[in-house]
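Everything on this sheet refers to the single structure shown next.
The values are calculated or read from the model by the stated rules, or taken from the named source; none is laboratory data. Quick caveat, the model's predicted, so the values are computed rather than measured. We place every Cβ from the backbone using ideal geometry, glycine too, and count neighbours over all the protein chains shown. Just so you know, the surface numbers come from the protein's heavy atoms only, side chains and all, with ligands and any DNA or RNA stripped out. Shrake-Rupley method; radii C 1.70, N 1.55, O 1.52, S 1.80 Å.
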Protein chains: 2
Amino acid sequence: MENIDKKRGRPRSDQAKLSKEILLSCANELLQGSGKVPSIRKIARKLDVDPMAIYHYFPSKSALLEGVTVRLMEGIYIPQSEDTWEEQLRFLCSSYLDLLKNYSGLLETFLSMSVKGPAQVFIARFNTIVAPLGLPEDDMKNSLDLLVDYLHGFALSIHCAPKKDSLTLDSLNGPLNFYIKALTANMIRSKIFIH
Amino acid sequence: MENIDKKRGRPRSDQAKLSKEILLSCANELLQGSGKVPSIRKIARKLDVDPMAIYHYFPSKSALLEGVTVRLMEGIYIPQSEDTWEEQLRFLCSSYLDLLKNYSGLLETFLSMSVKGPAQVFIARFNTIVAPLGLPEDDMKNSLDLLVDYLHGFALSIHCAPKKDSLTLDSLNGPLNFYIKALTANMIRSKIFIH
DNA sequence: ATACATATTCTACACTGTAGAAATAGTGCC
DNA sequence: GGCACTATTTCTACAGTGTAGAATATGTAT
C-alpha cells in the first residue's frame, strides 16, 4: 500500500496527490467515522502522504476544520413555506442538532470561527421562521440567543456523555416544546398590545 | 529554585512534599490563572516535583480535574428565602455561570463526570427555587433541561470567543428574562387550570 | 537556459498523558 | 537487629500532538 520510499519534490502532474477538496472530504470522513477530530498525521496516513503536505493547502489545522465546517452548513434545513412555523422550527433544530451530533468534535470550531459559522446560517433561518410572529425586537434576539446556546449546550452534553440516538431526539422535544410554548405566549401577548 | 538532583525514593517525613489537597489547590490556581486546563507537567513544575508523582495521588489527569470540580461546586449560590424566586433564579444562574466562566476549561469535565457533577447541585437548587411555582412535572423537567443546557452553551461560547466581563453578564440577562417570562406564563396557566 | 513558483518529503522541536521500573523511607513482625 | 511490605518519590521511555524550517523535485514563464 505505502511506497516505502517516496520522491521528495513536486510530483509529476499526472500523479498529483492532493487538493483542498481531497483534504476536506478526507477530514470529513474521518470525523464522521470516529466522532472525534482526526490528527493531521491520521489524515496524512489515510491519504498516504506526508503530514506536512497538508500545510501547503491550509495554514493550520483549525483552518482545515473551518473548511470542513463551512461545507457542512450547506446541509442545514431550509424552511419550507408549506410547513407551520412550529414545524419549521422543529425541523431546523433537529437538523442543526443532527449536524452537531455527527460532528460533535467540531463544536468548538463552530464557535471559534470568526465568520460564516453554521451559527450564522442558523440565525438567518431562525429569523425567517419567526418573522411572521411579529415579536418585539428584544424578544426576537433573546429567544434566539436562548435557543442557539441551548442547542450548543445540548450538543456538548451529547458529546461528553453519549446516549442512544432515539433518546437524544426525545430529550430535545421536551425543552423545545416548552420553548415553543413560550414563543407562542409572547406572540399572543404582543399581538394583544398592538390591537 | 529547583534542586538539580533530587533523591529518588520516598522523602523523609519531615520534608513530605505532596498531598491530594496540595495538588487540587495547585491545579485550581493554574486553572483560574490561565483559564485553560494545565498540563500534568505544568502542575509538577509549579510544585517542583516529578510529573509522575502526581499519579500516586490520582489515577489519571481527569480524576484530578474531577477532584477540582467537586470542590468548586460547593461555592454555588444557595437560595436565600428572603429573595423572590426570580431573584433566586437570577443569582443561581449568574453564580453558576461565573464558575463556568472562570473555569471554562473544566466544562467538559463537568459534563463527563458520572456523579456529583456541579450540574447535579444546580439541579437540586433549581428545584428548590421553582417548587413554589407549582409547575406540572413535565414543565419542571423541560424548563430545567432548557436552562441547564442554555447555560452550558453560553459558557462554551464565552470560552471559544471570550468577551469582556460586563458584556458577558448583559448577554445573560436578556435570554434569562425571556426564560423567566416563560416560566411565569406557564405558572399562571397551570394555576388557572387548578382553580 | 535561467529564474521563480508550486508541491512534496524529511528532520526536528516542544509539547501531551502515562506505563513501568528503580530507589528510598517508614511500619509492623519475629 | 533483620525482614517483608507498603508508601512516596524520581527516572526512563513510548506513542502521540501541532507545526516550523529546510531540502528536493517539477512546472512555467522569460
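The alpha carbon radius of gyration of chain B, expressed as a multiple of 2.2 N^0.38 Å, is 1.29.
Volume of the convex hull of region B:67-183 (Cα atoms only), normalised per residue: 102 Å³. Compute a Gaussian network model of chain B, connecting alpha carbons closer than 10 Å, and tell me which residue from B:Phe178, B:Phe91, B:Phe58 fluctuates the most. Highest fluctuation of the listed residues: B:Phe178. Per residue of B:102-110, other chain Cβ atoms within 10 Å of the residue Cβ number 1 on average. Helical runs assigned H by DSSP (4 residues or longer) give chain A a calculated mean residue ellipticity at 222 nm of -21500 deg cm²/dmol, each run adding -39500 (n - 2.57) before division by the residue total. Among the residues of B:167-176, the average count of other protein chain beta-carbon atoms within 10 Å of the residue beta-carbon is 3. Of the residues B:His159, A:His56, ranked by 1.4 Å probe accessible area with the largest first, the sequence reads A:His56, B:His159. Across the protein assembly as shown, the fraction of Cα-Cα pairs farther apart than 41 Å, rounded to a whole number, is 26%. Applying a threshold of 22 Å to the alpha-carbon distances of A:Lys101/A:Lys163; A:Lys36/B:Lys163; B:Lys36/B:Lys61; B:Lys6/B:Lys46; A:Lys7/A:Lys46 flags A:Lys36/B:Lys163 as lying beyond it.
Here the peptides A:143-153, B:102-112 are ranked by packing, the mean other Cβ count within 10 Å, and the order with the highest first is A:143-153, B:102-112.
For A:Gly35, the point set 7 Å out from Cα toward Cβ sits 3.0 nm from its twins in the other copies, listed from shortest up. Mean separation of Cα pairs under 8 Å and 6 or more residues apart, divided by the residue count, gives chain A a relative contact order of 19 percent. In summary, the helical segments of chain B meeting the span-like criteria, namely a full DSSP H run, a Cα extent along the axis of 20 angstrom or more and a mean Kyte-Doolittle hydropathy of at least -1.0, are B:20-34, B:85-102, B:137-160, B:165-194.
For chain A, modelled as a GNM whose springs connect Cα atoms under 10 angstrom apart, the maximal fluctuation among A:Leu156, A:Leu64, A:Leu47 occurs at A:Leu47.
Summing +1 for each Lys or Arg and -1 for each Asp or Glu among the other residues whose beta-carbon sits under 15 angstrom from that of A:Tyr77 gives -3.
Could you compute the net charge surrounding A:His159? Neighbours are other residues with a C-beta less than 13 Å from the C-beta of A:His159; K and R count +1, D and E count -1. Combined, the nearby Lys, Arg, Asp and Glu give 0.
Residues in the protein assembly as shown average 56 Å² of solvent-accessible surface per residue, probe 1.4 Å, ligands and nucleic acids excluded. Comparing mean-square fluctuations of A:Asn142, A:Asn173, A:Asn28 from a GNM of chain A with C-alpha springs under 10 Å, the top value falls on A:Asn142. Heavy-atom accessible area with a 1.4 Å probe sorts B:Val37, B:Val68, B:Val121, largest first, into B:Val37, B:Val121, B:Val68. If the segment from B:Arg45 to B:Asp83 were pulled out straight at 0.36 nm per residue, it would be longer than the present Cα-Cα gap by 9.1 nm. Counting only other chain Cβ atoms within 10 Å of each residue's Cβ, the peptide B:155-162 averages 5.
Across region A:13-58, Cα pairs under 8 Å and at least six residues apart give a relative contact order of 33 percent. Buried accessible surface for the B/A chain pair comes to about 2700 Å², total over both chains, computed with a 1.4 Å probe.
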